[in-house]
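The block underneath contains the structure these notes are about, expressed in structure tokens.
The values are calculated or read from the model by the stated rules, or taken from the named source; none is laboratory data. What you see is a predicted model; the values in this text were computed from it and never measured. Don't worry about glycine lacking a Cβ; one is built from the backbone with ideal geometry, like all the others, and counts go over all protein chains shown. Calculation scope for accessible area: heavy atoms of the full protein, side chains included, ligands and nucleic acids excluded. Shrake-Rupley method; radii C 1.70, N 1.55, O 1.52, S 1.80 Å.
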Amino acid sequence: MSSTSTATATSADAGPTYRFVAACYVTVAVVGAGAVALAVRGIDTRTGAVAVLLGGIGVLALVGALVGLRGLPGPLGPRRLYASGASFLPTVLGAVVGVGALAALFADLVPEGAGLLAAFAGVALAMVGGVVRLMARNADARAYLDAPIRAEWEARPAPGRRRAYYAASGALTLALAAGIVAWRAPVLVGTLGATVSLAAQGSNRRECHLTDEALVYGNVQSLTVLDRDDVRGVTLADGALRIERAGWKPAMAFDAGDIEDPEAVVAAFRR
């Protein structure tokens, strides 16, 4: 990545919402560990619940004050967390804690109360860690948008890719419906929402912003950065704008009919 790109990216802003979520992550870890320690000591449920509630409020207030006055811990800074490739670690840590706690519980290595509390703490860590990752990625992406924009467009996936989404959604819907009927489990009807979400991917429009350093794409809630050095080629054919990416990632394909001037986009990439 160029020095200009590095300078731009390090300006990623850890805004107040991001700092609050990061403080919540630290709070969940501390309070979860405290709750497990109390359970191991045999504290009764009512006393433990009060201790966790009051302790959680106190820890969140303390961590929030420290973050507000001294800034985020280095490993939780949005640029360092996301661009370093460590953005999955908060979620992975929670998943490891949750799975490890359940394994220890089933193996009778820990008391039931402590094992369940540790598992719940792990799930909470994984969930909050996922939000931290998403917000770190967005903060990193927005830092690139401070540079001049060379091209902008908004488009759906290419027609062939849209048809693939719709076909996969239809096949999954049929499979789930057959399973619901065969198992007589109407409670699984809610899983059909996944097929609707999959079909929606075929119609969702991505906003794309091309700078000298990167392509920033996605929507307001979820942005992603593709470094210019990772672009392996841009072609315009068969009604699709294709952006080849380095590594194992498949090419991005946009519907050229949605783009006002697709040739100008290709030219901007080649410049």
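Does residue 226 count as at pLDDT 95 or above and touching a Lys or Arg at 6+ places or on another chain (Cβ under 7 Å)?
So residue 226 does not fit the description; no.
Just one of (1) among the hydroxyl-bearing types (Ser, Thr, Tyr); (2) in contact (Cβ under 8 Å) with a residue 40 or more places away in the chain; (3) part of a helix (DSSP H, G or I) trips up residue 224, so point out which.
Unmet condition: (3).
Please enumerate the residues belonging to the stretch 182-203 that are surrounded by fewer than 16 Cβ atoms within 10 Å (Cβ to Cβ) and in contact with a Phe, Trp or Tyr (Cβ under 9 Å, 6 or more places away or on another chain).
200, 203, listed by residue number.
Between 179, 129, which is crowded, with 19+ Cβ neighbours inside 10 Å and on the phi < 0 side of the Ramachandran plot?
The conditions single out 129.
Please enumerate the residues belonging to the stretch 240-261 that are in a loop (DSSP other than H, G, I, E, B), open to solvent by 40 Å² or more (accessible area, probe 1.4 Å) and within 16 Å of residue 162 (Cα to Cα).
Within the stretch 240-261, 250 is the sole residue that qualifies.
Working only within the stretch 187-223, note down all residues that are out of contact with any Lys or Arg (no Cβ under 9 Å at 6 or more places or on another chain) and of a type in the set (Gly, Ala, Ser).
190, 193, 194, 197, 199, 200
Residues being in contact with a Lys or Arg (Cβ under 9 Å, 6 or more places away or on another chain) and of a type in the set (A, V, I, L, M): count how many of those fall in the stretch 140-177.
3
Being farther than 30 Å from residue 214 by Cβ, open to solvent by less than 70 Å² (accessible area, probe 1.4 Å) and in a loop (DSSP other than H, G, I, E, B) is the filter here; which residues of the stretch 80-110 pass it?
Passing the criteria: 107, 110.
What tally of residues in the stretch 132-148 results from selecting those that are open to solvent by less than 40 Å² (accessible area, probe 1.4 Å) and either outside any helix (DSSP H, G or I) or small (Gly, Ala, Ser) (or both)?
Summing the residues that are open to solvent by less than 40 Å² (accessible area, probe 1.4 Å) and either outside any helix (DSSP H, G or I) or small (Gly, Ala, Ser) (or both) in the stretch 132-148 gives 5.
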